[in-house]
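A.B. asks: The structure under discussion is supplied below as structure tokens; questions concerning it will follow.
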Amino acid sequence: MWEYTDKVKEHFLNPRNVGTIENADGTGEVGSLACGDALTLTLKIDDEVITDARFKTFGCASAIASSSALTEMIKGKTVAEAEKITNEDIADFLGGLPKEKMHCSVMGREALEAAIANYRGVVLPMAEGEVVCECFGVTDLEIIRAIKESNLRSVEEITNFTKAGGGCGKCQDRLEEILRATHAKSLTQIKAPEKTRRLTNIQKIKLIEDALEREIRPALRKDGGDIELVDVDGDFVIVSLRGACGSCKKSQTTLKEYVEKKLREQVLDTLIVEEGK
């Protein structure tokens, strides 16, 4: 059984802004009843400000809670502000979602994008991709986007975020292929001749600092912590954990393993992380 936060339960049991806006300025429809999840989001927009938002959804508790939370998040915001909202923002607003239910927050974000596109009279590029998962109608462009935005590392995670592969399973090999290709492309864009021992120490330090800034530090700061690079000696990376991370002794091993795993993925697979002061 999944564990839900009190805020998820509250928005599920007492959902806000249920219904449809008559003569809506923007309408977004995602999913389908045949796939098990469907969401319709309607917006009232006055002078580029979202003055009202309503939803109708068919789905689980997480789908209802995510939709309800989304409407609360966007009311009063400008369209430009609202379109910056991510699925992670929706999940964070609810105090977190079970990893198997992250696709519900993704569905909310997609409905918002569709409603804004409808308001502007444009076609979303995601709709023009190749359908990879026929069970849930998920395209390759949607899968690639989820991999990049949420740093997905397995087919299971792709299923959690997009539902692709969660039906008959025939697309599993294709999902693995897209996963590998997306990460391979990302690595070539970092320039590293790079994941080899031919890296100079300066190159290695630069790549480590980039990985810390781009991915590791933002993740730690969500929990009130931080990390600083102390030194790099060959394959040994000495770091200092600060704030909440540095004070929680029980989490030290877990955090060290997390940082080491990320640096091995992003920089060099022989790196060893140690904690310094």
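The values are calculated or read from the model by the stated rules, or taken from the named source; none is laboratory data. Since this is a predicted model, take the numbers as computed values, not measurements. Every residue, glycine as well, gets a Cβ built from its backbone with ideal geometry; the counts of neighbours run over all protein chains shown.
A.B. asks: Picking from Ile85, Ile90, which residue would you name as being crowded, with 20+ Cβ neighbours inside 10 Å, aliphatic (A, V, I, L, M), within 23 Å of Phe136 (Cβ to Cβ) and without any contact (Cβ under 8 Å) to a residue 60 or more places away in the chain?
C.D. replies: Values: Ile85 fails: crowded, with 20+ Cβ neighbours inside 10 Å.
Among Ile85, Ile90, only Ile90 is crowded, with 20+ Cβ neighbours inside 10 Å, aliphatic (A, V, I, L, M), within 23 Å of Phe136 (Cβ to Cβ) and without any contact (Cβ under 8 Å) to a residue 60 or more places away in the chain.
A.B. asks: Here are some residues: His103, His11. Which one is surrounded by 18 or more Cβ atoms within 10 Å (Cβ to Cβ), touching a strand residue (DSSP E or B) at 6+ places or on another chain (Cβ under 9 Å) and either of a type outside the set (A, V, I, L, M, F, W, C) or under 21 Å from Phe136 (Cα atoms) (or both)?
C.D. replies: Working: His11 fails: touching a strand residue (DSSP E or B) at 6+ places or on another chain (Cβ under 9 Å).
Checking each option against the conditions leaves just His103.
A.B. asks: Still on this model: Determine which member of the set Ala211, Ala192, Ala164 is at pLDDT 85 or above and farther than 24 Å from Leu124 by Cβ. Show your work before the answer.
C.D. replies: Values: Ala192 fails: at pLDDT 85 or above; Ala164 fails: farther than 24 Å from Leu124 by Cβ.
On inspection, the qualifying residue turns out to be Ala211.
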